[in-house]
Amino acid sequence: MYAARAAAQLGDRETLDRLAKDDDDNVSEAAVEGLRKVAGHDADPAYVLGLSRQGYQVVRASALAPRRYAAQDEALPALEAARQRLNRRRGATTRTTRVTRLQER
């Protein structure tokens, strides 16, 4: 997580791309947030990949990263799949992720 934050401060896109795929969801979340600041829409593939993760924090960060995805053909199915997955779980821990994304609409 600290490596991702440092990479964002340094504008190190290569490290952020690698950390966005990290097995630890907290590291991946921090990398996605860093990519948003450093790369913007150029990192859309990383955001789409983040939507398929199991960790709610990564899904939330990936869904909120861009205001609009440049590659909507890829993003919309991933967003819908994430929404359905979170709705099926209906746990209290998924509520924040679901509500946050709805408020952004």
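Just so it is clear, none of the values below were taken in a lab; they were calculated from the coordinates. Bear in mind that the values here come from a model prediction, so they are computed numbers and not experimental data. A quick note on method: Cβ atoms are made from the backbone with ideal geometry, for glycine too, and the neighbour counts reach across all protein chains shown.
Couplings 3J(HN,Hα) of segment 76-82, computed from phi: 4, x, 5, 5, 5, 5, 5 Hz, in residue order, whole Hz [Karplus 6.51 cos²θ - 1.76 cosθ + 1.60, θ = phi - 60°; x for Gly and Pro]. In this rough spin-label picture, where each label sits 7 Å from Cα along the Cβ direction, the ARG89-ASP42 distance is 3.2 nm. Working note: Karplus 6.51/-1.76/1.60 with θ = phi - 60° gives segment 35-42 the couplings 4, 4, 6, 8, 10, x, 5, 4 Hz, where Gly and Pro are set to x.
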